[in-house]
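Here is the structure we will look at.
The values are calculated or read from the model by the stated rules, or taken from the named source; none is laboratory data. Please read these numbers as outputs of a predicted model, since none were measured by experiment. So basically every Cβ, Gly included, is an ideal-geometry build from the backbone, and we count neighbours across all protein chains shown.
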Amino acid sequence: MEAKEFIQKTVTEHPVVLFMKGTAQFPQCGFSGRAVQILKSCGVKNVVTVNVLDDEGIRQGIKDFSNWPTIPQLYVAGEFIGGSDIMGEMYDSGELKKVLDDSGATA
């Protein structure tokens, strides 16, 4: 499966997907670690994480797919939300929790 197909399939089949460096248990950059903590703080129980360091095709493919240059990248209900800075701003305003609640990710 090509990277674009894998990405499309992953973001449409799972309510919350985080493309990150490392894993939720062992983030390999501060931004990815922050993203995981934000999701936990919002009460997300089941997040699918994709370690972009495992596959260069996915690492570049996700940037092309979203037209966003940085990682991590959060998708909720198939929609691109943003990176850790946007997640942080949305968390602070309460907007991220609402998006996650509306998607059923925190149920």
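Residue count for the range 79-107 under the criterion of being more than 17 Å from G33 (Cβ to Cβ), of a type in the set (S, T, Y) and surrounded by 16 or more Cβ atoms within 10 Å (Cβ to Cβ): the result is 2. Quick check: anything in the range 51-64 of a type in the set (S, T, N, Q), touching a residue at least 12 places away in the same chain (Cβ under 8 Å) and in contact with a Leu (Cβ under 9 Å, 6 or more places away or on another chain)? There is no residue in the range 51-64 that is of a type in the set (S, T, N, Q), touching a residue at least 12 places away in the same chain (Cβ under 8 Å) and in contact with a Leu (Cβ under 9 Å, 6 or more places away or on another chain). Note on the range 63-73: residues that are surrounded by 17 or more Cβ atoms within 10 Å (Cβ to Cβ) and in a helix (DSSP H, G or I) amount to 2. Of the residues making up the range 39-46, at least one is touching a residue at least 24 places away in the same chain (Cβ under 8 Å), in contact with a helix residue (DSSP H, G or I) (Cβ under 9 Å, 6 or more places away or on another chain) and farther than 15 Å from Y75 by Cα.
A quick yes/no check of all residues on (1) over 24 Å from E89 (Cβ atoms); (2) part of a loop (DSSP other than H, G, I, E, B):
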residue	(1), (2)
M1	yes, yes
K4	yes, no
V11	no, no
F19	no, no
A24	no, yes
G33	no, no
Q37	no, no
K40	no, no
G43	no, yes
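Exactly one residue among Q28, Q37, Q60 is in contact with a strand residue (DSSP E or B) (Cβ under 8 Å, 6 or more places away or on another chain) and either among the hydroxyl-bearing types (S, T, Y) or surrounded by fewer than 18 Cβ atoms within 10 Å (Cβ to Cβ) (or both), and that residue is Q28.
Please state which one of V76, V47 is within 14 Å of the chain's Cα centre (by Cα), at pLDDT 95 or above, surrounded by 15 or more Cβ atoms within 10 Å (Cβ to Cβ) and closer than 18 Å to S103 by Cβ.
None of the others qualify; the one that does is V76.
Selection of first residues in the range 1-19 that are farther than 13 Å from T49 by Cα and of second residues that are among the aliphatic types (A, V, I, L, M) and assigned to a helix (DSSP H, G or I), restricted to Cβ pairs under 6 Å at least 6 apart or on distinct chains, gives the following pairs, ordered by first then second residue: A3/I58.
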